[in-house]
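Note sheet for the following structure.
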Amino acid sequence: MEHLHHEHHHHDGCECGHHHHCDDEQDLTKYEQIFALYPCDIDDEKVARQVKILLDEHLEENNTAEVKKFLLNSVELTTLKTTDSEDSVLRFVEKVNEFDDKYPELGHVATVCVYPNFAKICHDNLENEDVEIACVSACFPSSQSFLEVKIAETALALQDGATEIDIVMPVGKFLAGDYEGVCDEISELKAVCGTRKLKVILETGCLQTASNIKKASLLAMYAGADYIKTSTGKLEPAATPEAAFVMCQAIKEYYEKTGIQIGFKPAGGMKTVADALAYYTIVKEVLGERWLTNQWLRLGTSSLANKLLSDITGEEVKFF
């Protein structure tokens, strides 16, 4: 798989350890061969039922102060507005700095997430070195531009201090069946990131079916994603529990086949504490304890941090 060259992804055909004697294998593209290794023929209604049962049975047990604190520490605190300015982003970063003084017992958010032109402000002013600086890049949120522009934007963000990069998978190419184009672009951008984390946004609301979400997850992971992320938050529908369930299943199966752990980031449309608890519950039940750290689970949101904080402290707080 010459194009899929993640430094720790060694993909020379199938890695499941079995020898496949299949006359048709020569006729399948390498992308179809990947899909053939995983259950991709998924029934959307069945997914909806599975998610409903899972949440009915397990959500309430996770409704604890401890889980809410963990979720607060997994937040990627996001500002992605047309009206963002150096001043507004500086105030945003100063809030994150103040949080350490005001709530020392509550840890900190995982990440601040900004446009690439604000990486430097974050890098120069963020006091807590444990808070990552994520930049949305590569012509977010449409991903419609020249690859050269996407590469330049990503390189500039990293040069200015971004420690993580969030890109949107070229959704139009995916829907047109140009899987090679999708994978080449992701792997090129991963090469720019080097050891820094690349999150690939699938924009699940545009993918229409659970089967497409599964296939897009697999392509992103094989092409070098360190995290897969549901949505940009700029289109409706954004994240849904059903999309999260399918993506987490893909992450689990990929881990079982390759030994490579990929992170998960639901984003967009997470408005309430109950929404966050639903995603936590899905990750816990599908992926298990190994993913329940803010290294492997992130929540992309602009509004949720205050609600989690209010819930934890027992009073309405508008801190961020």
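Numbers below:
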{"read-out": "Qualifying residue in region 51-74 (condition: among the small types (Gly, Ala, Ser) and closer than 20 Å to residue 286 by Cβ)", "value": "yes"}
{"read-out": "Residue list for region 194-217, filter: in contact with a helix residue (DSSP H, G or I) (Cβ under 7 Å, 6 or more places away or on another chain), open to solvent by less than 30 Å² (accessible area, probe 1.4 Å) and closer than 26 Å to residue 158 by Cα", "value": "198, 200, 202, 203, 216, 217"}
{"read-out": "Given (1) assigned to a loop (DSSP other than H, G, I, E, B); (2) touching a Ser or Thr at 6+ places or on another chain (Cβ under 7 Å); (3) surrounded by 22 or more Cβ atoms within 10 Å (Cβ to Cβ), number of the condition residue 225 does not satisfy", "value": "(2)"}
{"read-out": "The lone exception for residue 116 - which of (1) within 19 Å of the chain's Cα centre (by Cα); (2) within 29 Å of residue 282 (Cβ to Cβ) it fails", "value": "(2)"}
{"read-out": "Residue match in region 20-28 (condition: in contact with a His (Cβ under 7 Å, 6 or more places away or on another chain) and at pLDDT below 75)", "value": "no"}
{"read-out": "Residue in region 273-295 that is within 11 Å of the chain's Cα centre (by Cα), charged (D, E, K, R) and crowded, with 19+ Cβ neighbours inside 10 Å present", "value": "no"}
{"read-out": "Selection count where residues are charged (D, E, K, R) and open to solvent by less than 30 Å² (accessible area, probe 1.4 Å), scope region 83-122", "value": "1"}
{"read-out": "Conditions (1) part of a loop (DSSP other than H, G, I, E, B); (2) at pLDDT 95 or above; number of the one not met by residue 4", "value": "(2)"}
{"read-out": "Selection count, region 172-218, where residues are of a type in the set (Gly, Ala, Ser) and touching a Phe, Trp or Tyr at 6+ places or on another chain (Cβ under 7 Å)", "value": "1"}
{"read-out": "Lone unmet requirement of (1) farther than 28 Å from residue 93 by Cα; (2) touching a Lys or Arg at 6+ places or on another chain (Cβ under 8 Å); (3) surrounded by fewer than 23 Cβ atoms within 10 Å (Cβ to Cβ) for residue 237", "value": "(2)"}
{"read-out": "Matching residues, region 45-58, being surrounded by 14 or more Cβ atoms within 10 Å (Cβ to Cβ) and farther than 12 Å from residue 241 by Cα", "value": "58"}
{"read-out": "Subset of region 140-160 [of a type outside the set (S, T, N, Q) and open to solvent by less than 10 Å² (accessible area, probe 1.4 Å)]", "value": "150, 157"}
{"read-out": "When residues of region 134-150 are limited to those that are of a type in the set (A, V, I, L, M, F, W, C) and assigned to a strand (DSSP E or B), the one nearest to residue 232 (Cα to Cα)", "value": "136"}
{"read-out": "Any hit, region 299-308, residues being free of Cβ contacts under 8 Å to residues at least 60 places away in the same chain, outside any helix (DSSP H, G or I) and surrounded by 15 or more Cβ atoms within 10 Å (Cβ to Cβ)", "value": "no"}
{"read-out": "Residue in region 199-217 that is touching a Cys at 6+ places or on another chain (Cβ under 6 Å), small (Gly, Ala, Ser), under 23 Å from residue 283 (Cβ atoms) and in contact (Cβ under 8 Å) with a residue 12 or more places away in the chain present", "value": "yes"}
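The values are calculated or read from the model by the stated rules, or taken from the named source; none is laboratory data. Keep in mind it's a predicted model, so treat the numbers as computed, not measured. Note that each Cβ is placed from the backbone with ideal geometry, even for glycine, and that neighbours are counted across all protein chains shown. Calculation scope for accessible area: heavy atoms of the full protein, side chains included, ligands and nucleic acids excluded. Shrake-Rupley method; radii C 1.70, N 1.55, O 1.52, S 1.80 Å.
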